[in-house]
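Step one of this worksheet: look at the structure below.
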Amino acid sequence: MTAHIISGKELAKNKREAMKQEVGQLKKTAISPKLVVVLVGDNPASISYIKGKQKGCEEVGIESQLIKLEATASEEELLSIIDQLNEDDTVDGILVQLPLPDHISEQKVIHRIVVEKDVDGFHPMNVGKMLLGEECFISCTPFGILEMVKSINVPIEGKHVVVIGRSNIVGKPVGQLFLNENATVTYTHSRTKDRASITKQADILIVAVGKPNLIGPDEVKEGAIVIDVGVNRLETGKLCGDVRFDEVKEKASYITPVPGGVGPMTITMLLHNTILSAKRRGAK
């Protein structure tokens, strides 16, 4: 058995087509969705991610603005810019690109963005609402993963979902999203004893640790759905995931590739959240 590929690239393309129509309709009512990205410093990975976000905005008709600060910019300077954007009624989404330089508190920055413009879904208020299953901005990568699994029309209810990784950005929220869909969820992480005995029970295995080629077929159940969130650059310059794709695809029923898997969907859900924010502004 060779796994079917869940192409995030294809799914993103289809979703963005629909979003383009939606943005066109909003503009007819004089609402023009706008996303502002703030970058501190010049981390090459961050610059690459931002380019992807800008391209996505352009594709669907969202206005995007980039505010660049030097790596030496103070925390006060950044917080002051966030305050201005919070007050600006033309801005629907504020995204501060992480990681930030060591002298700036990520927590303070995330808390400072008003909940209504937190299109990254990182604010504690949005995280709490997601936990309770209330309407909120859902963190983009977990949201994208859920959409990818839903796209293959396999029922999630009652399935055993195993998450490898417990980051606040992916691991913790993605487990909660699947719990909200009535799956049974188990988390594993660096301190888990005999991880393979748990991962081999997974109907849906989500791997989000950022370690190249960590998971091989010996940790995967026959016929499992495998979602690889990791994006790692090898010394050769080649990108790879946390899963040994070529080996695991012979055992899984569905698998996501790297690149072209979760990445395009993360940006697509950011666009979704920005449009949703604009719609809420229009409804006020």
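The values are calculated or read from the model by the stated rules, or taken from the named source; none is laboratory data. This is a predicted model, so every value here is computed, not measured. A quick note on method: Cβ atoms are made from the backbone with ideal geometry, for glycine too, and the neighbour counts reach across all protein chains shown. Each accessible area value is taken on the protein alone, full model and side chains, heavy atoms only, with ligands, DNA and RNA left out. Shrake-Rupley method; radii C 1.70, N 1.55, O 1.52, S 1.80 Å.
Worth pointing out:
- Beta-bridge orientation, the chain: approximately 5 percent antiparallel, per DSSP, counting only bridges with both partners inside.
- Local electrostatic count, Glu147, Cβ distance below 15 Å [Lys/Arg +1, Asp/Glu -1]: +2
- Projected over all directions and averaged, the alpha-carbon convex hull of the stretch 10-160 occupies 10.6 nm².
- Using C-alpha pairs under 8 Å with a sequence gap of at least 6, the mean separation divided by the residue count of the stretch 223-284 gives a relative contact order of 34 percent.
- Sorted peptide list for 246-257, 140-151, criterion being average Cβ within 10 angstrom, highest first: 140-151, 246-257
- The portion of the accessible surface of the stretch 147-284 made up by carbon and sulfur, rounded to a whole percent, is 50 (1.4 Å probe; DNA, RNA and ligands excluded).
- For the stretch 62-128: rounded, prolate or oblate by the Cα gyration tensor [a/c cutoff 1.5]: oblate
- Carbon and sulfur %, accessible surface of the stretch 15-113 computed with the full protein complex present, 1.4 Å: 49
- Pairs of Cα atoms nearer than 8 Å and 6+ residues apart set the relative contact order; for the chain it is 23 percent.
- Average accessible area per residue (Å²) across the stretch 46-167 - probe 1.4 Å, nucleic acids and ligands excluded: 49
- From the Kirkwood radius over Cα pairs of the stretch 100-208, Stokes-Einstein at 37 °C and 0.692 mPa s returns a whole-number translational diffusion coefficient of 221 µm²/s.
- Global form of the stretch 21-85, assessed from the alpha-carbon gyration tensor, a/c cut-off 1.5: oblate
- Whole-percent P(r), the stretch 1-58, all Cα pairs, 5 Å bins from 0: 4, 13, 18, 17, 16, 14, 10, 5, 2, 1, 0.
- For the set Lys13/Lys51; Lys129/Lys284; Lys20/Lys55; Lys53/Lys172; Lys13/Lys55; Lys9/Lys279, the pairs lying more than 19 angstrom apart at their alpha carbons are Lys129/Lys284; Lys53/Lys172; Lys9/Lys279.
- Within the same chain, aspartates and glutamates fewer than 8 places from Lys221 are excluded, and of the rest, those with a Cα less than 17 Å from its Cα are Asp194, Asp203, Asp242, Asp246, Glu247, Glu250.
- Rounded to the nearest 10 degrees, the angle from helix 171-180 to the longest Cα principal axis of the chain is 80 degrees.
- A cut-off of 5 Å between modelled amide H atoms, ignoring neighbours fewer than 5 places along the same chain, links His4 with Tyr254, Ile255.
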